[in-house]
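Below: the structure, in structure tokens.
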Amino acid sequence: MTDIISTLAGLAPGDPVDALRDRRPQARANAQVSFEALFEPADPGTFGLDERLAVALFVAVLHDDAASAGFYADLLGDVADDALIAAVRDAGDATRAAGPTGSYREPGLASESVPTGEAVLPAGAAATLGDRLAAGLRHVHLLVLHPRDARQEHLARLIDAGWSLDDIVTLSQAVAFLTFQLRAAAGLRVLARLEELA
């Protein structure tokens, strides 16, 4: 069975670290099923495969995860042209930052706030992406890097750009899953390196 997390981590079947994952077969299977539901759906609806994979590539670039970015760029290349891939990469490179940041609404936490501006995509990338996908990537940037700043008006902007409520829910699910997936793969890479040094 294909296992995308192990693929992203660079693990081969039977590797000691990959074998560790076999101790949690249900978690392993659920992660793969989630990937397939979000990025290989039989009927993606109005949130098309090209947009879903563009989101995945953008999240990988924001996380500065070259292996995952390469993986998702290859998948995106199966359904979109090189111009879109380049625009997504440019948007991610231009807006990547340390996170999470943002402003706390709670008075007791206000001193820990790190004000963060909204993502400004490069003009050329935004033009290639189009209004709908550009709005989606701006929202992804918010969810990944400064979720404390999320407000009702951000959802209204997505709706104004053509995102349905179902699309917005799926977009949020995709970002949550990708964040888990990329961090799991990064952790497994570290374990694999430690295993090599042992």
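The values are calculated or read from the model by the stated rules, or taken from the named source; none is laboratory data. The structure presented is a predicted model; accordingly, all values stated were derived computationally and were not measured. Don't worry about glycine lacking a Cβ; one is built from the backbone with ideal geometry, like all the others, and counts go over all protein chains shown.
Descriptive notes on the structure:
- Some residue of segment 86-109 being out of contact with any Pro (no Cβ under 8 Å at 6 or more places or on another chain), touching a residue at least 60 places away in the same chain (Cβ under 8 Å) and not basic (Lys, Arg): no
Listed here are the residues, each with its yes/no results for (1) assigned to a helix (DSSP H, G or I); (2) free of Cβ contacts under 8 Å to residues at least 12 places away in the same chain; (3) of a type outside the set (Lys, Arg); (4) over 19 Å from residue 72 (Cβ atoms).
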site: 136; (1), (2), (3), (4): yes, no, yes, no
site: 141; (1), (2), (3), (4): yes, no, yes, no
site: 144; (1), (2), (3), (4): yes, no, yes, no
site: 148; (1), (2), (3), (4): yes, no, no, yes
site: 155; (1), (2), (3), (4): yes, no, yes, yes
site: 163; (1), (2), (3), (4): no, no, yes, yes
site: 169; (1), (2), (3), (4): yes, yes, yes, yes
site: 172; (1), (2), (3), (4): yes, no, yes, no
site: 184; (1), (2), (3), (4): yes, no, yes, no
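- Within segment 84-103, one or more residues are at pLDDT below 95 and among the hydroxyl-bearing types (Ser, Thr, Tyr).
- Within segment 61-73, tally of residues that are part of a loop (DSSP other than H, G, I, E, B) and within 12 Å of residue 185 (Cβ to Cβ): 2
- Residue list for segment 120-151, restricted to those being under 14 Å from the mean Cα position of the chain (by Cα) and β-branched (Val, Ile, Thr): 140, 144
Here is a yes/no grid of residues against (1) surrounded by fewer than 22 Cβ atoms within 10 Å (Cβ to Cβ); (2) at negative phi:
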{"site": "55", "(1), (2)": "no, yes"}
{"site": "60", "(1), (2)": "no, yes"}
{"site": "78", "(1), (2)": "yes, yes"}
{"site": "96", "(1), (2)": "yes, yes"}
{"site": "130", "(1), (2)": "yes, no"}
{"site": "134", "(1), (2)": "yes, yes"}
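- Some residue of segment 13-30 being out of contact with any Gly (no Cβ under 7 Å at 6 or more places or on another chain), under 30 Å from residue 116 (Cβ atoms) and modelled with pLDDT of 95 or more: no
- Output for segment 101-117, where each listed residue is surrounded by 14 or more Cβ atoms within 10 Å (Cβ to Cβ) and in a loop (DSSP other than H, G, I, E, B): 101, 103, 104, 113, 116
- Check on residue 176, aliphatic (A, V, I, L, M) and more than 25 Å from residue 37 (Cβ to Cβ): no
- Selection from segment 26-60 of residues that are over 19 Å from residue 172 (Cβ atoms), of a type in the set (A, V, I, L, M, F, W, C) and part of a helix (DSSP H, G or I): 27, 29
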